[in-house]
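Okay, structure first, notes after.
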Amino acid sequence: MTRVVLATRNLGKVRELQAMLEGKDVEVVGLDQFPHIGEIEETGATFEENARIKATAVSEATGLMALADDSGLVVDALDGAPGVMSARYSGQDATDASNNEKLLAQMKDVPEDKRGCKFISCVVAHAPDGHELVFHGLWLGRLAREPRGENGFGYDPLFLDLKLGLSAAEMSPEQKNDRSHRGRAMRELTKCLPGFLDAVARAVDLSPEEREERVKYNGVKGWLKALCLVMLILVPLVAAFTVSQNLRFLEALHAPGGPSKEIAVEVAKALELKNVLATILGASLFIAGFRLYRRKKGAVFLAKLAWMMVPVASAVQYVFAQYLAYPPEVLKMAETEITANALPGLIAASACVTYLTFSRRVKITNE
């Protein structure tokens, strides 16, 4: 079982995270197990910087994987304040009551439609070898004019959830965990943490040369980044252009001087099929590209599958054309067009599948 240190002395938070990781062979301990670790000064300018400072300090002090989060309230009308100063908004000796009092005073004359705010949380997992995981959580809301509710802490009595219409302090623990910024960030973390721990454990057994190779090839960069951008931007644009062009062709079929009604009906069927296939391919490659860029589990397999659909779509068009009531000369023209259009797609799909199969960057980045 792998031990992980949560950078807090709040045993409730430790138990909560342990419950979320139940069955994943991970033991969560708090800072109460390490009395030699004192107060860690948060000097960062962002939530992520502060979370990283705490996680790095605890990991270095314990030699274990450390988790730390930093969160706070961001009010639109105050240009993002309290922000990273949320806990000390009313001064070094701030309390929840004094912070809320100051915030209400500053927002006294702000109308309802300008009282938008959000809770932001950042969770950082830091391994002793320097590897990190970073997750963010966001909770949109509106600032109340007076405290509401008895639960929670901090700014919870002033934060109104847009969906439930309750303040964070009026919610049950289950409701708050489901809706909150911290709950969302922690849920994302718990999905990836076991795999991250396995990867870190494997990295310990690597030779210096293998570690250097991983540093060199890890990350969505170079050709991998270019491929992701093609799938996210270029392919959907080509699909949209194809659909738009085919819609214009469909309109032209019924114009004076167009083909006979019988041929026009068959051509319309072919164009409609082409639009369906273009939409499916554009959406599939976009989704696969997004997952590949975000390094999601199974993204490489999904990307290969999406690219292999490109020549399959051409084959479907070719077979479909044989069942249309085309005159011989029209059928030959259709076959020639389909074959000509299929060739670039086949080359692109083959190149992409080959790259995804044999690239060291793809393999190392998506392990």
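Every read-out reported here was derived from the displayed coordinates using simple, explicitly stated rules and does not represent laboratory data. Nothing here was measured: the structure is a model prediction, and the numbers come from that model. Note that we place each Cβ from the backbone using ideal geometry, even for glycine, and neighbour counts take in every protein chain shown.
From Cα pairs below 8 angstrom and at least 6 apart in sequence, can you work out the relative contact order of the range 2-205, rounded to a whole percent? Answer for the range 2-205 is 17 percent.
Kyte-Doolittle mean at least -0.5 and Cα extent at least 20 Å along the axis: which DSSP H helices of the chain qualify?
Values: long enough: 47-62 (23 Å, -0.37); 181-204 (33 Å, -0.04); 235-253 (27 Å, 1.09); 261-293 (47 Å, 0.95); 299-322 (35 Å, 1.39); 328-358 (44 Å, 0.78).
Within the chain the helices that satisfy the rule are 47-62, 181-204, 235-253, 261-293, 299-322, 328-358.
Recomputing mean projected area of the Cα convex hull in nm² from the coordinates shown identifies the correct label among [x] 39.2; [y] 24.0; [z] 25.9 as [z]. Excluding same-chain neighbours fewer than eight residues apart, the aspartates and glutamates reachable from residue 108 by a Cα-Cα span under 16 Å are 76, 79, 146. Label-to-label distance for residue 41 and residue 131 is 3.2 nm, based on points extended 7 Å past Cα in the beta-carbon direction. Here the contact order of the range 217-314, divided by its residue count and restricted to Cα pairs under 8 Å and six or more residues apart, works out to 37 percent.
The simple Förster model, with R0 at 30 Å and r as the Cβ-Cβ distance, assigns residue 94 and residue 174 a FRET efficiency of 0.55. Positive-end ranking of 18, 7, 230 along the dipole of the chain, with charges on Cβ about the Cα centre, is headed by 230. Cross-link pairs exceeding 18 Å between alpha carbons, from the set 102/176; 163/191; 191/296; 225/363: 102/176; 163/191. Between residue 3 and residue 216, the FRET efficiency from the beta-carbon distance, with R0 = 30 Å, is close to 0.45. Remark: relative contact order (the chain) = 11 percent; criterion is Cα-Cα distance under 8 angstrom and separation of 6 or more residues.
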